[in-house]
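Enquirer: Structure in structure tokens, see below.
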Amino acid sequence: MNGTKIACVVLMMFVATIAYGTQIMHQRAKAMKEEAEMAETDCRNAATASEVASTTLTRLKYDSGDLSQFLNDWKPFIKRIQTVQEAEQVLQSLLRNSGILTVSQKFEVREHRENKMMPRFLQGTLVVEDEFSKTMNWLGELERKVPLSRVTSCRLRQGETGRQVNLELRFEIPIIDLEAPVDAPPAQ
């Protein structure tokens with residue numbers, strides 16, 4: 001083989017190498033371009049999803065605004081009674097300060113395992129006998145000091161004298177845990 005043929009073969013190999021390299025670079029560039037287009041599509045989809053989530057969040061805030069305001073209004077009352085002992089202290093304080101005659105009183109703690117937000121409540125039965133106005137004022141004071149209490153039974157009878165009444169009151173005071181995890185309601 002003479003020098004011209006060898007130079008021609010070397011030149012052909014060089015041109016083939018350049019063509020092969022160009023083809024590889026073209027494939028890589030095409031793959032990168034497709035990847036960039038996919039990234040742009042993903043970015044647009046993520047921006048749309050973010051917009052939808054933001055709109056949903058705004059709607060939920062608007063829809064739950066009344067509930068949030070209700071909770072904010074009641075938080076001071078809820079925080080005032082966080083334990084059963086605090087509930088009993090409030091009741092004992094009301095009884096002492098009113099000066100009404102307590103015939104009997106019974107308090108017990110009940111558990112609510114299903115309700116994480118209100119895991120316990122104080123259930124009580126009070127029997128008081130005193131003047132009508134004094135007893136009714138005490139009942140109003142109970143409602144004012146412990147607005148979360150729920151009266152389950154209230155029996156009012158005539159007392160020993162004409163001015164006295166006998167009041168048998170059964171009530172529940174929930175012990176609310178505001179930090180408890182609340183399960184989200186099912187989506188509609």
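Enquirer: Does at least one position in segment 72-87 carry a residue that is out of contact with any Pro (no Cβ under 6 Å at 6 or more places or on another chain) and over 30 Å from E168 (Cα atoms)?
Expert: Yes, there is a match, as at least one residue in segment 72-87 is out of contact with any Pro (no Cβ under 6 Å at 6 or more places or on another chain) and over 30 Å from E168 (Cα atoms).
Enquirer: Listed residues N2, N45; which is modelled with pLDDT of 95 or more and not aromatic (F, W, Y)?
Expert: Selected residue: N45, the only one of N2, N45 that is modelled with pLDDT of 95 or more and not aromatic (F, W, Y).
Enquirer: Return the only residue of A7, A53, A87 being among the aliphatic types (A, V, I, L, M) and modelled with pLDDT of 90 or more.
Expert: Of A7, A53, A87, the one residue that is among the aliphatic types (A, V, I, L, M) and modelled with pLDDT of 90 or more is A53.
Enquirer: Condition check: in the same structural domain as T161 (by the TED database) and at positive phi. Does G124 satisfy that?
Expert: So G124 fails the test.
Enquirer: I would also like to ask the following. Could you look through segment 1-34, keep only residues that are surrounded by 10 or more Cβ atoms within 10 Å (Cβ to Cβ) and of a type in the set (D, E, K, R), and pick out the one that is nearest to the chain's Cα centre (by Cα)?
Expert: My answer is E34.
Enquirer: Among the residues of segment 58-75, are any in a helix (DSSP H, G or I), touching a residue at least 60 places away in the same chain (Cβ under 8 Å) and open to solvent by 60 Å² or more (accessible area, probe 1.4 Å)? Outline the logic, then answer.
Expert: First pass over segment 58-75, keeping only residues in a helix (DSSP H, G or I): 58-63, 65-75.
Now restrict to residues that are touching a residue at least 60 places away in the same chain (Cβ under 8 Å): 74-75.
Then keep just the ones that are open to solvent by 60 Å² or more (accessible area, probe 1.4 Å); that gives 74-75.
Yes, some residue in segment 58-75 is in a helix (DSSP H, G or I), touching a residue at least 60 places away in the same chain (Cβ under 8 Å) and open to solvent by 60 Å² or more (accessible area, probe 1.4 Å).
Enquirer: All but one of (1) more than 30 Å from Q164 (Cβ to Cβ); (2) open to solvent by 60 Å² or more (accessible area, probe 1.4 Å) hold for N97; state the number of the condition that does not hold.
Expert: Answer for N97: the failing condition is (1).
Enquirer: Q82 is checked against (1) surrounded by fewer than 10 Cβ atoms within 10 Å (Cβ to Cβ); (2) at pLDDT below 85 and fails just one. What number does that condition carry?
Expert: Just one mismatch for Q82, condition (1).
Enquirer: Now, a different point. Going through E108, E37, E114 one at a time, which residue ends up being assigned to a helix (DSSP H, G or I), surrounded by fewer than 11 Cβ atoms within 10 Å (Cβ to Cβ) and acidic (D, E)? Before you say what the answer is, go through the steps one by one.
Expert: On the way: E108 fails: assigned to a helix (DSSP H, G or I); E114 fails: assigned to a helix (DSSP H, G or I).
So the residue among E108, E37, E114 that is assigned to a helix (DSSP H, G or I), surrounded by fewer than 11 Cβ atoms within 10 Å (Cβ to Cβ) and acidic (D, E) is E37.
Enquirer: Let me ask something else about it. If L156 satisfies all but one of (1) assigned to a strand (DSSP E or B); (2) touching a residue at least 24 places away in the same chain (Cβ under 8 Å); (3) open to solvent by 70 Å² or more (accessible area, probe 1.4 Å), what's the number of the condition it fails?
Expert: For L156, the failing item is (2).
The values are calculated or read from the model by the stated rules, or taken from the named source; none is laboratory data. What you are looking at is a predicted structure, and each value in this text was computed from that prediction instead of being measured. For neighbour counting, all protein chains shown are included, and Cβ atoms are generated from backbone atoms with ideal geometry for every residue, glycine included. These area figures cover heavy atoms from the full protein model, side chains too; ligands, DNA and RNA do not enter into them. Shrake-Rupley method; radii C 1.70, N 1.55, O 1.52, S 1.80 Å.
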